[in-house]
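A quick write-up on the structure given underneath.
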Amino acid sequence: MPIKLSKDSEAFLIGSLKRYAAEELDLELGDLKAKLLLDYVLKEVGPSVYNQAVADAQANLQEKVADLGVDCFEAEFTYWKKG
């Protein structure tokens with residue numbers, strides 16, 4: 001599934017890439033080059049980040065489901081044990 005960004009997110013990230021290139025790499029990027037770099041990162045790096053995020057969410061949910069047996073347990077047949 002390709003990663004699609006909103007127009008606002010894309011514009012922010014292009015600006016961020018341009019600033020990073022200027023401040024950290026001493027390299028000036030125009031809008032087109034920054035957009036091409038963003039497209040590359042989304043296609044090449046994005047799926048790895050996305051897959052790891054899904055795996056992390058899945059592990060978190062499995063942990064919570066495993067705790068259901070402890071957190072949501074009510075002892076059975078306890079009426080006659082009251083006395």
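The values are calculated or read from the model by the stated rules, or taken from the named source; none is laboratory data. The structure presented is a predicted model; accordingly, all values stated were derived computationally and were not measured. Note that each Cβ is placed from the backbone with ideal geometry, even for glycine, and that neighbours are counted across all protein chains shown.
A few points about this structure:
- Residue check, Asp56 surrounded by fewer than 11 Cβ atoms within 10 Å (Cβ to Cβ) and over 22 Å from the mean Cα position of the chain (by Cα): no
- Look at segment 54-78: where a residue is without any contact (Cβ under 8 Å) to a residue 60 or more places away in the chain, no partner that is part of a helix (DSSP H, G or I) and surrounded by 10 or more Cβ atoms within 10 Å (Cβ to Cβ) sits 6+ places away or on another chain with Cβ atoms under 7 Å.
- Per-region count, segment 16-26, residues in a helix (DSSP H, G or I), charged (D, E, K, R) and either surrounded by fewer than 14 Cβ atoms within 10 Å (Cβ to Cβ) or modelled with pLDDT under 95 (or both): 3
- Against the numbered list (1) in a loop (DSSP other than H, G, I, E, B); (2) in contact with an Asp or Glu (Cβ under 8 Å, 6 or more places away or on another chain), Phe73 comes up short only at (2).
- Among the residues listed as Leu38, Leu13, Leu29, the single one being at pLDDT 95 or above, part of a loop (DSSP other than H, G, I, E, B) and surrounded by 10 or more Cβ atoms within 10 Å (Cβ to Cβ): Leu29
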